[in-house]
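The values are calculated or read from the model by the stated rules, or taken from the named source; none is laboratory data. Remember, predicted model here, so these are calculated numbers, not experimental data. Backbone-built Cβ (ideal geometry, glycine too); neighbour counts: all protein chains shown. Protein only, heavy atoms only, side chains kept; ligands, DNA and RNA dropped before computing areas. Shrake-Rupley method; radii C 1.70, N 1.55, O 1.52, S 1.80 Å.
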Amino acid sequence: GLALGAASAGGTAAALEYGGDGTGPYPSSAAPVPFHGEHQAGIATAVQDRLHFAAFDVLTDDRAALEDLLRRWTRAAARMTAGQTVGAGAVGGPGEAPPDDTGEALGLPPSRLTLTFGLGPTLFEDGKGADRFGIRDRRPAALADLPHFPGDDLDEKRSGGDLCVQACADDPQVAVHAVRNLARIGFGKVAVRWSQLGFGKTSSTTPGAQTPRNLFGFKDGTRNISGDDETALKRHVWVGGKDGPEWMTGGSYLVARRIRMNIEIWDRTPLAEQEAIFGRSKGEGAPAGRKRERDPVRLSAMAPYAHVRLAHPDSNGGVRILRRGYNFTDGTDGLGRLEAGLFFLAYQRDVREGFIPLQRHLARKDTELNEYIQHVGSAVFAVPPGVRGPDDWWARQLFS
């Protein structure tokens, strides 16, 4: 509020301070998240309120052109996450040329924007078996193609991708601006294959914060991996030096799934049945047989088909993943039903030991919840380690 008041009182000069030179001052809730580091931001980072996720097809077969694009994307990402404009900015340049920045984030703070970049299996070998960029033999074994799970009804137009960018921020316009400008920089070399807007985070990496709810009204992510739990992150999320290949050390693997929720049917389901399906109370979020949300889970107190019981690490050989999902609504489906659900994002050290066995188990056993949901989009990406400095760039180690 103070920031907006200052912009109104100070006119254009104050309005350009946010989204311009990145000097702030910013309230802590809107301050920049450091872009450079050992790991990419946007994984263990405290989950922001809004999402714009985009998957891209690479149009060029020129390796040098792709490397140049990744350098330009990295420079632009570093500037935008710091609250700065892309290139020379949105205003003040020659009137005869389009500006470097599209301008819709002028006057806005960084809003904790993070940009997380990943590479899909088809970048290493396309659908025709071509090794377009000479990197097929550098594809990590952990970047495994996801199998077809029982109940999947995948739309190819909402699945896959050569590259991805996950933009998270506390202001939806800041997130959309970031993806829009990266797509603009890549014009002619990449094209957006599909994208997804998300709101109302459904998982938290900060256990002390209030647990968010999904569109079924239940708290989600109570037992998610904490962003400051270095032991759990090292064991379940970050790729280790011995995992291979070397260029992925410090990175992670991302699974993105668009899950349609049958809202109208769920809304006519009795409360007791809803709670039995999830294994938690709807109000407090307490596990079955307990009073408080964070009370220890007693699996034996839950119905055999309870989602919490089936997804629990003790039911899956200790498998844990870090979730950063978001709710979505995309209008209606033409039949008066909400096109709504969960955009599921999960990071792990190896999808062969994380998401794949977990989802196989849930697809077979989570029969009660599966009556109300359907997986309609799917993708997997290798997320390389963080950018270490101004001369580094996304996936440099892969192409070195």
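If you go through segment 256-278 and keep only what is open to solvent by 80 Å² or more (accessible area, probe 1.4 Å), part of a helix (DSSP H, G or I) and either of a type in the set (Asp, Glu) or touching a residue at least 24 places away in the same chain (Cβ under 8 Å) (or both), you end up with just Ile265.
Of the residues examined, Gly250 is not one that is among the small types (Gly, Ala, Ser), in contact (Cβ under 8 Å) with a residue 60 or more places away in the chain, in contact with a Lys or Arg (Cβ under 9 Å, 6 or more places away or on another chain) and not in a helix (DSSP H, G or I). When you scan segment 360-379, do you find a residue that is in contact with a Gly (Cβ under 8 Å, 6 or more places away or on another chain) and open to solvent by less than 10 Å² (accessible area, probe 1.4 Å), even just one? Taking every residue of segment 360-379 in turn, at least one turns out to be in contact with a Gly (Cβ under 8 Å, 6 or more places away or on another chain) and open to solvent by less than 10 Å² (accessible area, probe 1.4 Å).
With the structure loaded, tell me whether Gly200 is open to solvent by 10 Å² or more (accessible area, probe 1.4 Å) and over 28 Å from Glu284 (Cβ atoms) or whether it fails that test. Judged against the criteria, Gly200 is not a match. Condition first: charged (D, E, K, R) and in contact (Cβ under 8 Å) with a residue 60 or more places away in the chain. Now tell me which residues in segment 372-395 satisfy that. Passing the criteria: Arg388, Asp392.
Results for (1) of a type in the set (D, E, K, R); (2) open to solvent by 20 Å² or more (accessible area, probe 1.4 Å); (3) in contact with a strand residue (DSSP E or B) (Cβ under 7 Å, 6 or more places away or on another chain), shown as yes or no for each residue.
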site: Gly221; (1), (2), (3): no, no, yes
site: Asp228; (1), (2), (3): yes, yes, no
site: Gly244; (1), (2), (3): no, yes, no
site: Gly250; (1), (2), (3): no, no, no
site: Leu254; (1), (2), (3): no, no, yes
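Of everything in segment 155-176 that is over 24 Å from Ala44 (Cβ atoms) and out of contact with any Leu (no Cβ under 7 Å at 6 or more places or on another chain), the residue that is most open to solvent (accessible area, probe 1.4 Å) is Lys157. All of (1) under 21 Å from Arg72 (Cα atoms); (2) open to solvent by 60 Å² or more (accessible area, probe 1.4 Å); (3) at pLDDT below 95; (4) not hydrophobic (A, V, I, L, M, F, W, C) hold for Gly127 with one exception: (1). When segment 21-39 is filtered for residues that are on the phi > 0 side of the Ramachandran plot and at pLDDT below 95, the ones remaining, listed by number, are Gly22, Gly24. Listed by position, the helices (runs of 4 or more DSSP H) contained in segment 301-370 that have at least 3 residues being β-branched (Val, Ile, Thr) form an empty set. Among the criteria (1) open to solvent by less than 10 Å² (accessible area, probe 1.4 Å); (2) within 22 Å of Ala46 (Cβ to Cβ); (3) not in a loop (DSSP other than H, G, I, E, B); (4) not β-branched (Val, Ile, Thr), the one Ala78 does not fulfil is (1).
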